[in-house]
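To keep things clear, I will list the structure first and then write my remarks on it.
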Amino acid sequence: MTGQSIDRPIKAKRAEQPPEWRQGELLELTIENLNHNGEGVGRWQGRVIFVPDTVPGDQIAVRLVRVKPQYAQGKLHQLLDASPDRIRPSCIVADKCGGCQWQHVDYAAQLVAKQNLVQQDLERIGGFEQPPVDAVLALAAPLAYRNKASYPVRSNASGLVQTGYYQKGSHQLINLNQCPIQDERLNPFLAAIKQDIQRQGWAIYDEQKHQGEIRHLSLRVGRRTGEVLLTLISRSAKLPGLEAQAKQWMQNYPDLVGVCLNLNPDRTNAIFGAEMRCLVGRPYLREIFADLEFQIQPTTFFQVNTEQAEALLNCIQTELDLQGDEILVDAYCGVGTMTLPLAKQVQQAIGIESQPEAIAQAQQNALVNQIENVSFQIGKTEDLLPQLNVHANVILLDPPRKGCEAGVIETLIQQQPEKIVYVSCNPSTLARDLKLLSQIYTLNRVQPADFFPQTAHVEAAAFLSLNR
């Protein structure tokens, strides 16, 4: 549908030029799809308008708030005709909280949008014609899935302790006593811990003045074990009565296995600081993943969606069809989440990770599970991969959002492992790197997986084989 101005028609000065548009203009628009930021995307006179809080199929009145020659940012002014995929959010603050973008979008439509995001990036950035992108692996229950949550702690104008997420596009805290996307077993802690902090009279951190103590509350739960780990992040340890309170929390909550204090004295947006102290209990929880036991600490990187991570692992195992004589290298291996299950199916597995703490945990997880054909090396993948004294048959890549360093791609092209599995949380950098690898590899299949329902984030595993 071609949009028309609601307050007056806008006409082009010349036939070959699009009509002028201005900040504050009110236009009528139909939303066509969704983008990586969770915004609805519509077109007006050949130009793109991005509008948050909209759904494909919505007919809306949009107010332009930021205008560029070929695109604009808009704000939903009025919903003229709702899309059939528009639903009532499960959360009463979904229109304010920045934790989710898509609670107003039907789950089936979310899955279609995520498949399209992966497909479009592979075409536009990767240069692949009709890339083999499968339907997204869906989550059976797209709420209450997060096994980890970290909440800023602030004081409001009345001095009441609050925790929650920041309002969309601001640093204004939206106070929460529960969250529909986190594991329901974490909800009882939110209101109660706030009250205990209030009663203790501990100073709350003020990020503007860099004063006060309590900065964040972090909670983790083992989806299969039910064990809970609670961590307070503070500017210092000046919290009178903390150890007694920690012991009380352990008594109050039978599933709580440990209370930790993390010290973050820096003026930074990072949640955790370098020093971690276990106040009572143990500094980790146990989780069962792929029939293995993992020890997860407060700062351990472990996928927040346990079930979907396992579903993607099953997909990887099926696609690789390992025979038991392979040498597998897991680059960016973390604590061995994927390395250890795959090690049980190969002759030898090697994990590479730049974080020493993660390697220590990976080695401990291998020991706990009595897996002996695996080794872990500390260092950057771009440095260690060229130095391995073995020829890997299979390489598993799971880099951060920025994708692989150029040196990693160059090494893979030189070493030519038979199979590559590239797991990515960013379709854009995935497409960029697959384009480079396609010099000598065939892209056989891409399997997206929905690790983060109600948000625009999508995970994907790309399977490549060496050209013969």
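Scan region 325-345 for residues that are in a loop (DSSP other than H, G, I, E, B) and buried (at least 18 other Cβ atoms within 10 Å of the Cβ) and report the count.
The number of residues fulfilling the criteria is 8.
Where in region 355-468 are there helices (runs of 4 or more DSSP H), lying wholly inside it, with at least 3 residues that are touching a Gly at 6+ places or on another chain (Cβ under 6 Å) and either closer than 30 Å to Pro89 by Cβ or at pLDDT 95 or above (or both)?
Output list reads 427-437.
Are any of the residues in region 278-300 crowded, with 17+ Cβ neighbours inside 10 Å, of a type in the set (A, V, I, L, M, F, W, C) and in a helix (DSSP H, G or I)?
Taking every residue of region 278-300 in turn, none turns out to be crowded, with 17+ Cβ neighbours inside 10 Å, of a type in the set (A, V, I, L, M, F, W, C) and in a helix (DSSP H, G or I).
Mind checking whether some residue in region 42-50 is small (Gly, Ala, Ser), crowded, with 17+ Cβ neighbours inside 10 Å, over 30 Å from Leu436 (Cβ atoms) and in contact with a Leu (Cβ under 8 Å, 6 or more places away or on another chain)?
Checked region 42-50: at least one residue is small (Gly, Ala, Ser), crowded, with 17+ Cβ neighbours inside 10 Å, over 30 Å from Leu436 (Cβ atoms) and in contact with a Leu (Cβ under 8 Å, 6 or more places away or on another chain).
Kindly indicate the residue of region 387-407 that is in contact with a strand residue (DSSP E or B) (Cβ under 6 Å, 6 or more places away or on another chain) and more than 20 Å from Cys425 (Cα to Cα) and also surrounded by the most Cβ atoms within 10 Å (Cβ to Cβ) among those meeting that condition.
Per the stated criteria, the residue is Ala392.
Would you confirm whether or not region 134-146 contains a residue that is closer than 30 Å to Asp196 by Cβ and not in a loop (DSSP other than H, G, I, E, B)?
Yes - at least one qualifying residue is present in region 134-146.
Would you call Cys425 of a type outside the set (A, V, I, L, M), within 22 Å of Thr337 (Cβ to Cβ) and touching a Lys or Arg at 6+ places or on another chain (Cβ under 8 Å)?
Answer is yes for this residue.
Here is a list of conditions, (1) more than 23 Å from Tyr107 (Cα to Cα); (2) touching a residue at least 12 places away in the same chain (Cβ under 8 Å), and Ser83 meets all of them except one; can you say which number that is?
For Ser83, the failing item is (1).
Which number in (1) out of contact with any strand residue (DSSP E or B) (no Cβ under 8 Å at 6 or more places or on another chain); (2) in a loop (DSSP other than H, G, I, E, B) marks the one condition that Leu322 misses?
Going through the list (1) out of contact with any strand residue (DSSP E or B) (no Cβ under 8 Å at 6 or more places or on another chain); (2) in a loop (DSSP other than H, G, I, E, B), Leu322 breaks only (1).
Considering only region 303-319, state which residues are in a helix (DSSP H, G or I), within 15 Å of Phe289 (Cβ to Cβ) and among the β-branched types (Val, Ile, Thr).
If the condition is that a residue be in a helix (DSSP H, G or I), within 15 Å of Phe289 (Cβ to Cβ) and among the β-branched types (Val, Ile, Thr), then Thr306, Ile316 are the ones that fit.
May I ask you to list the residues in region 367-386 that are surrounded by 15 or more Cβ atoms within 10 Å (Cβ to Cβ), of a type in the set (S, T, N, Q) and under 18 Å from Glu293 (Cβ atoms)?
Matches in region 367-386: Asn369 only.
Kindly indicate whether Ala149 is over 16 Å from Tyr165 (Cβ atoms) and crowded, with 19+ Cβ neighbours inside 10 Å.
Answer is no for this residue.
Within region 421-444, track down each residue that is out of contact with any strand residue (DSSP E or B) (no Cβ under 6 Å at 6 or more places or on another chain), under 19 Å from Cys333 (Cβ atoms) and among the polar types (S, T, N, Q).
Asn426, Thr429 - these are the residues of region 421-444 that are out of contact with any strand residue (DSSP E or B) (no Cβ under 6 Å at 6 or more places or on another chain), under 19 Å from Cys333 (Cβ atoms) and among the polar types (S, T, N, Q).
Please go through region 316-332 and give me each residue that is over 23 Å from the mean Cα position of the chain (by Cα) and more than 17 Å from Ala449 (Cβ to Cβ), ordered by number.
Scanning region 316-332 gives Asp321, Leu322, Gln323, Gly324, Asp325, Glu326, Ile327, Leu328, Val329.
One line per residue, one yes/no per condition, for (1) at pLDDT 90 or above; (2) farther than 17 Å from Trp21 by Cα:
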residue: Thr54; (1), (2): yes, yes
residue: Gln73; (1), (2): yes, no
residue: Ile87; (1), (2): yes, yes
residue: Cys97; (1), (2): no, yes
residue: Trp102; (1), (2): yes, yes
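Consider Glu353 carefully, then state whether it is in contact (Cβ under 8 Å) with a residue 60 or more places away in the chain and either within 16 Å of Leu367 (Cβ to Cβ) or assigned by TED's automatic domain parsing to the domain that holds Ile409 (or both).
So Glu353 fails the test.
Could you figure out which of (1) in a strand (DSSP E or B); (2) under 23 Å from Gln308 (Cβ atoms) isn't true of Pro152?
Of (1) in a strand (DSSP E or B); (2) under 23 Å from Gln308 (Cβ atoms), only one is false for Pro152: (2).
Cβ contacts < 9 Å: first residue more than 17 Å from Asp330 (Cβ to Cβ), restricted to region 408-420; second residue among the aromatic types (Phe, Trp, Tyr), any location; separation 6+ or different chain. Result?
Between residues of region 408-420 that are more than 17 Å from Asp330 (Cβ to Cβ) and residues that are among the aromatic types (Phe, Trp, Tyr), the close pairs are Ile413/Tyr441; Gln416/Tyr441.
Please specify each residue of region 51-70 satisfying the condition of being in contact with a helix residue (DSSP H, G or I) (Cβ under 9 Å, 6 or more places away or on another chain) and either assigned to a strand (DSSP E or B) or buried (at least 18 other Cβ atoms within 10 Å of the Cβ) (or both).
Val55, Pro56 - these are the residues of region 51-70 that are in contact with a helix residue (DSSP H, G or I) (Cβ under 9 Å, 6 or more places away or on another chain) and either assigned to a strand (DSSP E or B) or buried (at least 18 other Cβ atoms within 10 Å of the Cβ) (or both).
What number of residues in region 340-370 are under 18 Å from Gln323 (Cα atoms) and out of contact with any Ser or Thr (no Cβ under 9 Å at 6 or more places or on another chain)?
Number of matching residues: 8.
Out of (1) over 24 Å from Arg43 (Cβ atoms); (2) crowded, with 16+ Cβ neighbours inside 10 Å, what's the single condition that is false for Ala140?
(2)
The values are calculated or read from the model by the stated rules, or taken from the named source; none is laboratory data. Bear in mind the structure is a predicted one, so any value in this text is a computation, not a measurement. Here the Cβ is made from the backbone with ideal geometry for all residues, glycine too, and neighbour counts use every protein chain on show.
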